[in-house]
């Protein structure tokens with residue numbers, strides 16, 4: 001008989017991520033990826049915490065030198081993603097606020113790009 005209660009994660013950061021409402025997790029990108037609905041907003045890895053943040057939060061962490069731009073491929077930094085190396089160099093209350101900002105940023109409903117309508121071309125009678 002399967003256990004109805006899953007074991008809590010050993011990683012306290014992952015546990016904090018999973019306490020947010022409507023967050024689900026799955027293994028991805030070398031760690032555990034967390035989704036707010038269908039949008040990816042965080043990846044908890046053994047060496048770093050990767051977050052998708054709004055511009056103001058991202059710039060503040062970069063200016064303080066506690067985070068670096070996330071690079072999925074070498075020499076190609078991501079525009080919205082930051083990597084906080086472990087151990088996390090910010091106080092716990094500030095880290096939790098940053099995690100909540102990433103979660104809230106993922107929950108913002110963005111408009112899909114406008115689709116161009118193609119005109120139907122009719123064959124000309126000869």
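Readers should treat all values here as calculations from the given coordinates under stated rules, not as data from a laboratory. Being a predicted model, the structure only gives us computed values, none of them experimental. Every residue, glycine as well, gets a Cβ built from its backbone with ideal geometry; the counts of neighbours run over all protein chains shown.
Annotations for the structure displayed:
Yes/no per residue for (1) farther than 14 Å from residue 103 by Cα; (2) touching a strand residue (DSSP E or B) at 6+ places or on another chain (Cβ under 9 Å):
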| residue | (1), (2) |
| --- | --- |
| 48 | yes, yes |
| 52 | no, yes |
| 63 | yes, no |
| 70 | yes, yes |
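- Within region 81-105, being in contact with a helix residue (DSSP H, G or I) (Cβ under 7 Å, 6 or more places away or on another chain) and free of Cβ contacts under 8 Å to residues at least 12 places away in the same chain holds for no residue.
- Count - residues of region 19-36 that are surrounded by 11 or more Cβ atoms within 10 Å (Cβ to Cβ) and part of a strand (DSSP E or B): 10
- Segments classed as strands (runs of 3 or more DSSP E), wholly inside region 37-105, with at least 3 members that are crowded, with 20+ Cβ neighbours inside 10 Å: 39-44, 48-52, 76-85
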